[in-house]
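The values are calculated or read from the model by the stated rules, or taken from the named source; none is laboratory data. All figures in this text were calculated on a predicted structure; none of them were measured in a lab. Reconstructed Cβ throughout: ideal geometry from the backbone, glycine too, with neighbour counts over all protein chains shown. Heavy atoms of the whole protein, side chains included, go into the accessibility calculation; ligands, DNA and RNA do not. Shrake-Rupley method; radii C 1.70, N 1.55, O 1.52, S 1.80 Å.
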Amino acid sequence: GRRMIGRIPHSLETDSQLLIRQLDDALGSGAHTKARAILNDMHPADVAEAFAEMKAVQRSVLVSLYDDEELADFIEYLPLTDAVDVIDGLPEEIQASVLHELPDDHVVDLLQEMEPQQKRDSLELLSDDKKEKAEHLLKFPDDSAGGRMTTAFASVRVDMTVGDAIHELARIKEETELLARIYVLDDNDRLLGKVRLRDLTFSEHDVRIRDIMDDEMLAVNAFADQEDAVQMIAKYDLVAVPVVNGSMQVLGVITHDDALDIQEEENTEDIEMQSGIVGSSADEAYLKASVADHVKRRLGWVMVLALTAIISGFVLHSFGGELEKAMILAIYLPMVVAAGGNTGGQAATMVIRAMSLGELAPTALLRVIWKELRIGILIGLATGLCIAVQIKFTMAFMDNPFALWKVALTVAASLAAQITASTIIGAALPMLAKLARLDPAVVATPAITTIVDVTGLIIYFGSAKVVLGI
């Protein structure tokens with residue numbers, strides 16, 4: 001979670017862009033005292049936005065204007081790649097101070113982003129306690145709940161009195177990120193429930209925690225996917241979710257602001273994978289990444305799809321004779337093929353979204369296919385009927401050896417069949433990927449489009465053979 005150090009976010013009336021320009025001008029002209037005054041009026045998130053556009057010299061000066069605590073607060077708002085670069089450029093004593101000020105979970109995020117040597121050096125700069133916590137968190141996968149949790153949570157024992165609990169919380173208040181939810185544990189650190197700070201505040205000091213606690217046992221396993229934690233926070237409207245091991249011992253918590261960061265990463269990953277982009281760029285600004293990095297992440301999938309699309313060419317070539325006999329078919333061929341890509345992509349998007357929100361389990365495959373079959377038939381029939389009417393009343397001017405109603409029937413039937421088939425394919429492929437323990441977004445929209453292009457050609461010319469007899 002992020003903490004503030006006295007600054008408040010700009011209101012809607014504040015022109016943060018103006019402050020960013022003023023800061024940029026002050027740094028560019030060497031007016032460091034003025035820049036420092038402008039920084040005092042800026043939210044760290046706005047400074048981070050300006051930082052992304054600055055040259056290396058200006059970045060270095062800006063960093064030097066902060067004291068260690070302010071710098072730690074600012075670093076929390078930077079993309080991890082920029083934050084690692086900033087820390088790497090600091091003297092060792094300042095690095096140690098900044099790392100000490102940062103929350104444990106953010107330190108771990110930074111360590112995971114660092115090159116091996118910088119990671120080892122940074123670990124050595126940590127205090128024994130912080131180093132132990134960091135090494136513990138590093139044992140969990142990067143994208144697991146354990147890898148994203150913070151150990152700076154508040155807890156009390158079930159057999160404590162309210163007075164004892166308040167005294168304990170006062171002792172650890174500076175080390176705790178979140179006091180809005182206090183977890184109740186037994187003597188073996190197992191989760192028994194939670195208690196709110198206001199429950200403690202308005203209860204007599206001799207009342208036992210067990211008498212005022214809420215026995216809510218919502219928790220996520222440390223090795224579960226980080227997205228499971230986000231779904232739980234959203235579903236149950238939680239301020240935070242405790243992270244536990246197999247024995248229900250609380251290891252840490254994921255707070256709502258951490259959940260927002262995770263959701264942003266997951267959304268970015270899904271969008272990129274649906275577009276056939278590989279690798280990870282969630283923490284690297286678009287303009288900061290080199291052209292070579294962009295090419296490396298995009299080229300492979302584009303080449304695979306390009307080669308796969310050759311199949312469409314072969315199918316089209318094999319039906320060349322049919323096109324020569326009825327050139328009117330060529331007019332509607334792109335429409336039939338495109339309709340499949342559009343409806344397949346729609347179905348895939350709906351299913352991937354439903355699965356990401358926990359609304360849909362991959363075991364519901366047959367139910368989804370049955371639902372999408374009905375949806376596809378209705379959309380297909382409506383669209384096919386519309387096109388058939390258009391052909392009947394507007395294409396009479398074309399030189400056509402076949403009865404116009406037969407052409408209309410061919411196009412309408414193939415369009416309805418293509419939309420129905422594409423809807424089923426688009427919905428089924430992400431679910432099959434999930435059953436195969438792959439990310440549903442791996443079945444990217446371009447891949448679905450390539451598949452339904454081929455099916456569309458086969459359906460279209462198959463219908464022409466049956467209806468027109470060619």
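Which of the residues that make up the range 137-182 are hydroxyl-bearing (S, T, Y), open to solvent by less than 10 Å² (accessible area, probe 1.4 Å) and in contact with a Gly (Cβ under 9 Å, 6 or more places away or on another chain)?
T150
Of the residues that make up the range 171-182, is at least one in a helix (DSSP H, G or I) and either under 21 Å from L110 (Cβ atoms) or in contact (Cβ under 8 Å) with a residue 40 or more places away in the chain (or both)?
Scanning the range 171-182 turns up at least one residue that is in a helix (DSSP H, G or I) and either under 21 Å from L110 (Cβ atoms) or in contact (Cβ under 8 Å) with a residue 40 or more places away in the chain (or both).
Across the range 320-349, what is the total count of residues that are modelled with pLDDT under 80 and not small (G, A, S)?
Number satisfying all stated conditions: 6.
Does the range 257-272 include one or more residues that are hydroxyl-bearing (S, T, Y) and closer than 30 Å to D159 by Cβ?
There is no residue in the range 257-272 that is hydroxyl-bearing (S, T, Y) and closer than 30 Å to D159 by Cβ.
Of all residues in the range 241-260, which are in contact with a helix residue (DSSP H, G or I) (Cβ under 8 Å, 6 or more places away or on another chain) and under 25 Å from R353 (Cβ atoms)?
V241, I254, H256, D258, A259
Scanning the range 432-461 for residues that are hydroxyl-bearing (S, T, Y) and at pLDDT 85 or above, which turns out nearest to M335 (Cα to Cα)?
Selected residue: Y460.
Yes/no per residue for (1) among the basic types (K, R); (2) outside any loop (DSSP other than H, G, I, E, B); (3) under 18 Å from G28 (Cα atoms):
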site: A50; (1), (2), (3): no, yes, yes
site: V57; (1), (2), (3): no, yes, yes
site: V61; (1), (2), (3): no, yes, yes
site: D73; (1), (2), (3): no, yes, no
site: V84; (1), (2), (3): no, yes, no
site: L90; (1), (2), (3): no, no, no
site: E93; (1), (2), (3): no, yes, no
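It is to be established whether one or more residues within the range 291-307 are surrounded by 17 or more Cβ atoms within 10 Å (Cβ to Cβ), at pLDDT 75 or above and on the phi < 0 side of the Ramachandran plot.
Checking the range 291-307: not a single residue is surrounded by 17 or more Cβ atoms within 10 Å (Cβ to Cβ), at pLDDT 75 or above and on the phi < 0 side of the Ramachandran plot.
Give me the helices (runs of 4 or more DSSP H) completely within the range 183-277, filtered to those with at least 1 residues that are modelled with pLDDT of 90 or more, ordered by residue number.
197-201, 209-212, 226-236
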